[in-house]
Each structure stands twice: as C-alpha cells, then as structure tokens.
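*Asks:* Just dropping this structure here.
The values are calculated or read from the model by the stated rules, or taken from the named source; none is laboratory data. If you're wondering where the values come from, they're calculated on a predicted model, not measured in any experiment. Note that each Cβ is placed from the backbone with ideal geometry, even for glycine, and that neighbours are counted across all protein chains shown. Quick note on the areas: whole protein, heavy atoms, side chains included, nothing else; ligands and nucleic acids left out. Shrake-Rupley method; radii C 1.70, N 1.55, O 1.52, S 1.80 Å.
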Amino acid sequence: MDAVLAAAQTRARALVARDWDSVSAQLHRRFRYVTANAQRLDRDAYLAFLADGPVRWNRQTLHDAEVVVEGRVAVLVAMVVDDVLYDGRPAQWEFVTSQTYVERSGEWLYLAGHTALPAA
C-alpha cells in the first residue's frame with residue numbers, strides 16, 4: 001500500500017516540476033483518464049493536457065488516502081488539493097480522485113484515473 005501512495009506522490013512532484021518524462025514513465029501504455037469536466041483522455045492526450053494545457057501546478061497534495069491492493073492491481077481513493085496557476089491566475093481546487101495502478105516488475109504503473117468534485 002505504501003508503494004502505491006508513493007507512486008502517486010512521485011507523480012504529483014513530477015507535475016510540479018513539469019517533468020513530463022517522469023510522468024510518462026509512470027503511466028501504463030494503455031492509460032486512461034477522466035477529468036472533473038468529464039473529458040476522456042488516452043495517454044497521449046493526457047500528457048498533452050498536462051504539458052500544453054492552461055494548468056501549471058505549484059503543489060499537489062493527497063489526503064485521506066485509502067489504498068486497496070488485490071494481487072497486482074491497486075486502487076487509491078483520496079482527496080487531492082491542487083495549488084495551481086490556471087491561465088496565469090492562482091487557484092486552489094479540491095477533488096476526490098480514484099487512481100488504478102498495476103504492478104509490473106516491482107513498479108506500480110498508473111493505469112486509469114478519475115477526478116470529480118467532492119460531495120457538498
């Protein structure tokens with residue numbers, strides 16, 4: 001469980017550093033993502049969204065994380081707080097996230113994810 005949370009935190013640090021090679025290396029080749037705005041992105045579209053989109057991460061933190069591991073599959077559910085620049089303006093967003101990981105050769109790869117607004 002700790003290794004899965006560590007993988008998520010490593011990706012968060014890579015977002016802040018704008019280290020797209022590191023983010024790419026952490027994604028499964030069949031990665032899929034659904035944004036809070038219901039956009040469905042494949043791996044290439046997700047990487048383009050991160051690198052070329054209007055969001056620049058200053059910090060991303062996860063809290064209230066729960067990880068369930070079953071064999072070589074893990075699901076992380078957490079609250080995520082993004083401190084960002086959105087179109088050059090500071091913003092802070094809080095989402096609920098689910099992230100699915102698969103273990104390959106001792107490494108947890110991010111297979112699929114989703115963010116949504118938390119319940120009111």
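*Asks:* Can you give the local net charge around Tyr33? Use residues other than it whose beta-carbon is closer than 9 angstrom to its beta-carbon, Lys and Arg +1, Asp and Glu -1.
*Replies:* Once all neighbours under 9 Å are counted, the net charge is +2.
*Asks:* Please report the spacing between the Cα centers of segment 1-52 and segment 78-120 in Å, no decimals.
*Replies:* 8
*Asks:* Can you give the angle from 0 to 90° between the axis of helix 43-52 and the longest principal axis of the chain, with both taken from C-alpha atoms, to the nearest 10?
*Replies:* 30
*Asks:* Further question: If you take every DSSP beta bridge whose two residues both sit in the chain, what share of them, in percent to the nearest 5, is antiparallel?
*Replies:* The answer is about 90 percent antiparallel.
*Asks:* With +1 on each Lys and Arg Cβ and -1 on each Asp and Glu Cβ, how big is the dipole of the chain about its Cα centre, in debye rounded to the nearest 20?
*Replies:* Computed charge dipole of the chain: roughly 280 debye.
*Asks:* How large, in percent, is the carbon and sulfur part of the accessible surface of the chain at a probe radius of 1.4 Å?
*Replies:* It is 51 percent, rounded to a whole number.
*Asks:* For the chain, find the longest principal axis of its Cα atoms and tell me its angle to the long axis of helix 2-17, 0 to 90°, nearest 10.
*Replies:* 30
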